[in-house]
2 protein chains.
Amino acid sequence: MNTQRPRVIIIGAGFGGLFAARALANQPVDVLLIDRSNFHTFTPLLYQVATCALDPSEIAYPVRSIFRKDRNIRSLLGTVTSIDYADKTVTVRIADQTRHEAYDYLILATGSVPTYFGQSAFREHALELRTLSDAVNLRNHILGQFEQATWEEDEAVRQAMTTIVVVGGGPTGLETAGAIYELYSHVLNREYIQRELKTRVILVEMQPHLLEPYPEPLRQAALEQLRSLGVEVHLGSPVEAVTKAAVTLKDGTVIATHTLVWAAGVKGSPLAEMLDLPLQRGERLPILPTTEVPDRHGVYAVGDMTYLENESGQPYPMLIPVAQQQGKLAAKNILAEIGGGEKRPFHYHDRGSMATIGRRRAVAWIYNKIQLRGYIAWLAWLALHLVTLLGFRNRLNVFVNWVWNYFTYDRSVRIILEQGRGEGEKVISEK
Amino acid sequence: MNTQRPRVIIIGAGFGGLFAARALANQPVDVLLIDRSNFHTFTPLLYQVATCALDPSEIAYPVRSIFRKDRNIRSLLGTVTSIDYADKTVTVRIADQTRHEAYDYLILATGSVPTYFGQSAFREHALELRTLSDAVNLRNHILGQFEQATWEEDEAVRQAMTTIVVVGGGPTGLETAGAIYELYSHVLNREYIQRELKTRVILVEMQPHLLEPYPEPLRQAALEQLRSLGVEVHLGSPVEAVTKAAVTLKDGTVIATHTLVWAAGVKGSPLAEMLDLPLQRGERLPILPTTEVPDRHGVYAVGDMTYLENESGQPYPMLIPVAQQQGKLAAKNILAEIGGGEKRPFHYHDRGSMATIGRRRAVAWIYNKIQLRGYIAWLAWLALHLVTLLGFRNRLNVFVNWVWNYFTYDRSVRIILEQGRGEGEKVISEK
């Protein structure tokens, strides 16, 4: 190792951190990429893992594999427990050990976490969909509820076991609600035959419309497509109370359910607090247009965890393309700083956004101008996600699974895989 | 439901239970298939999940999916906690509830569990490879050890982290040792580049030879192929002590290691004890040639958990084909009993056995006559396992992965996926 070269530490191997690291590959810096997982997660397809369409590893790519050929990028599997910005050191816990890693430049890219808008009690009964483990947990939970419902004598309890409430009318909420309904209508209702099980999938949004940032015609199209699929959409009322067996909305509606999926909103990663700076709305860390953190020398931050306003005074949205472009810019500005060049401010290249609702149902808003809906939007969504998945093998397997699911209406990954010690001797200990 | 039809309960959806259920499909009986998992596991490929070559769902097949078209077969995800053979009732725990299920005929097919030959203290530090969860745990453990080793300063500790001891010279031990060595030599040693990591894979067998039931030339061939791959083989000495950091053999050898894979032997499933009968060697339940359990009316038992001697007084081996053939026979004998036909005794159709040691390395003993080794045996192994995998989609994905791994020397499924609550707020709670 050439210790003369500046050392850049990147925290987080999500879209922001990954694009920063890529832009620093084979440049005259030593890079250390720290994450709590040994893989990058393609988060837009998490709901497909949760609904038995894809295997976890098909949307997860090992970090070491991504940077196998880039000898200036090292990877550390660990949890950052503190940042000493005066001494320019990061403390990392690896298993039961602690390391102190010095940096010349630091890029924070730890994204966001779900927010319960002050109602942290909701969290106890809610399932999330932010990490690969969340997705597997949700899959296990839904399949487990159906297995129990098959043998449940009490009709009301049985209905609660097969009722799923998804909170949040953004793309994640829509995608999850649509995919769960399809899992039920194409697979589960054919196989859980002891009793007649009726699934209700209810999407709850506190706004009077879905897809807040989209134009009205697309919001309407999304609503109609969801309803035509069979999803019940409940608009205009926030969640007021959550228990193990029910969700109560502010308008008095009580939904008996054992499954609440929380996709209602996110806030900046708690890691931002380690810099001892006042945070902005949504606990987001304010950054300069260069993606530098003010008053913290050598520290940059990118993506969901940051707060930066555009020319018209609006904060940039918490979206993957923003994180990717900011990650790349942070890397380039660090290289400019080292090489004596000029740092550039952030300009967002917005190619639009899309959300899928199910088989042949989607909405897309391309370059924030062209509005697509239905089959054509769904095909655009498929193509985009296959192209942006990392790794040829993953793409091939995902393609095989999608084609399989499309023609057979099947969902093959329907295994309830609880982790922990093998089951070999459970029976004995339970006797 | 026609309650006039006899009710058959099958406990266990392994190879024995699956073949029994298949033989009872669309016959004049009502079948209830009980298992603790909602899927059948193709156990011969567990070691490939453990060594990052296959995804868990590629070797797991949902029970409900297998019997989707067979309306007389129902499935129950639960744990059997007791059998009342006088009252012909089985007690099952489903989540936090308990059910009592009555049977006219009962087929026990719960297989085997690892045995530590009285040294149950070994189990605390050993990793097993009997269930899908075991395989994922072993994968997480090996990858985690390599991640830690990369950052470990102490050379001896580092070596212990990348030393893997596999105990047991049967097919599972050979396959696991070979696959772990290949995972290291083709993948891990290219990606864990901070320090020079040297892997040792040591196979320990107490007998003076590998593959006990095989003829001597194949035992030798297996030994040579393992050694040519790079696996160290230690014959003729049992394990005497196991700690978190070392394995001690009876001959005094001490191996510093953090990873002990126990593939040394199995005993009958503890469920057999519920029948209150004296058990045979290996805690196996004695059965009659018809697969009936003596003195327990209407109860049959098949596969690894049972003890039955062949014409020459030797017990049938604990192998998948025995379980499959006994499962089918139990079903047919139950149908004969119902229909007034004649029950038949068990005759084992032995097509031989094979074990793979790695890429292009294997031994096969076809019809216990033809001896194959090396590339040709490996091709036979590949073909057999692809053909016997359940489900076309699984076969296709497994094939894609095998071809991919073969030509690229890659192992794509290298994600450490710990289960449990999402990681969103860990950092905060650790501050």
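The values are calculated or read from the model by the stated rules, or taken from the named source; none is laboratory data. Just so it is clear, the structure is predicted and the values come from calculations on it, not from any experiment. Reconstructed Cβ throughout: ideal geometry from the backbone, glycine too, with neighbour counts over all protein chains shown.
Take A:VAL90 and tell me if it is buried (at least 23 other Cβ atoms within 10 Å of the Cβ), aliphatic (A, V, I, L, M), in contact with a strand residue (DSSP E or B) (Cβ under 6 Å, 6 or more places away or on another chain) and within 11 Å of chain B (Cβ to nearest Cβ). Against the criterion (buried (at least 23 other Cβ atoms within 10 Å of the Cβ), aliphatic (A, V, I, L, M), in contact with a strand residue (DSSP E or B) (Cβ under 6 Å, 6 or more places away or on another chain) and within 11 Å of chain B (Cβ to nearest Cβ)), A:VAL90 does not qualify. Kindly evaluate A:VAL398 against the criterion of being β-branched (Val, Ile, Thr), out of contact with any helix residue (DSSP H, G or I) (no Cβ under 6 Å at 6 or more places or on another chain), part of a helix (DSSP H, G or I) and farther than 20 Å from A:LEU226 by Cβ. The answer is no for A:VAL398. Residues that are among the hydrophobic types (A, V, I, L, M, F, W, C), closer than 20 Å to B:ALA95 by Cα and crowded, with 24+ Cβ neighbours inside 10 Å within the range B:7-33 comprise B:ILE9, B:ILE10, B:ILE11, B:ALA13, B:LEU33, listed in sequence order. Of the strands (runs of 3 or more DSSP E) lying entirely inside the range A:88-176, those containing at least 3 residues that are within 15 Å of the chain's Cα centre (by Cα) span A:112-114. Every listed requirement among (1) in contact (Cβ under 8 Å) with a residue 12 or more places away in the chain; (2) surrounded by fewer than 22 Cβ atoms within 10 Å (Cβ to Cβ); (3) within 20 Å of A:VAL63 (Cβ to Cβ); (4) not hydrophobic (A, V, I, L, M, F, W, C) is met by A:GLY111 save one, (2).
So that you can scan it fast, the table gives a plain yes or no per residue for (1) among the hydrophobic types (A, V, I, L, M, F, W, C); (2) over 30 Å from A:ILE107 (Cα atoms); (3) under 20 Å from the mean Cα position of the chain (by Cα):
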| residue | (1), (2), (3) |
| --- | --- |
| A:ALA245 | yes, yes, no |
| A:GLY252 | no, yes, no |
| A:ILE255 | yes, yes, no |
| A:LEU308 | yes, no, no |
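For the residues B:LEU127, B:LEU138, B:LEU108, the requirement of being more than 13 Å from B:THR259 (Cα to Cα) and in contact with a helix residue (DSSP H, G or I) (Cβ under 8 Å, 6 or more places away or on another chain) singles out B:LEU108.
Checking each residue in the range B:44-60 for being more than 8 Å from every other protein chain (Cβ to nearest Cβ) and in contact with a Phe, Trp or Tyr (Cβ under 8 Å, 6 or more places away or on another chain) picks out B:ALA53, B:ILE59. Does A:GLU337 qualify as being of a type in the set (D, E, K, R) and in a helix (DSSP H, G or I)? So A:GLU337 fits the description; yes.
State all residues of the range A:93-111 that are polar (S, T, N, Q) and more than 9 Å from chain B (Cβ to nearest Cβ); if no residue qualifies, say none. Result: A:THR98, single match.
Look through B:VAL187, B:VAL167, B:VAL231 and report the one residue that is within 14 Å of chain A (Cβ to nearest Cβ), in contact (Cβ under 8 Å) with a residue 40 or more places away in the chain, of a type in the set (Val, Ile, Thr) and surrounded by 23 or more Cβ atoms within 10 Å (Cβ to Cβ).
B:VAL187
Contact map, the range B:314-326: first residue farther than 15 Å from B:ALA13 by Cα, second residue at pLDDT below 95 and aliphatic (A, V, I, L, M), Cβ cut-off under 9 Å, separation 6 or more or different chains; pairs are B:MET318/B:VAL266.
When you scan the range B:239-251, do you find a residue that is small (Gly, Ala, Ser), modelled with pLDDT of 95 or more and buried (at least 16 other Cβ atoms within 10 Å of the Cβ), even just one? Looking through the range B:239-251, at least one residue is small (Gly, Ala, Ser), modelled with pLDDT of 95 or more and buried (at least 16 other Cβ atoms within 10 Å of the Cβ). Selection of the range A:147-164 for residues being surrounded by fewer than 24 Cβ atoms within 10 Å (Cβ to Cβ) and hydroxyl-bearing (Ser, Thr, Tyr) yields A:THR150, A:THR163. Mind checking whether some residue in the range B:226-241 is of a type in the set (Lys, Arg) and not in a helix (DSSP H, G or I)? Checking the range B:226-241: not a single residue is of a type in the set (Lys, Arg) and not in a helix (DSSP H, G or I).
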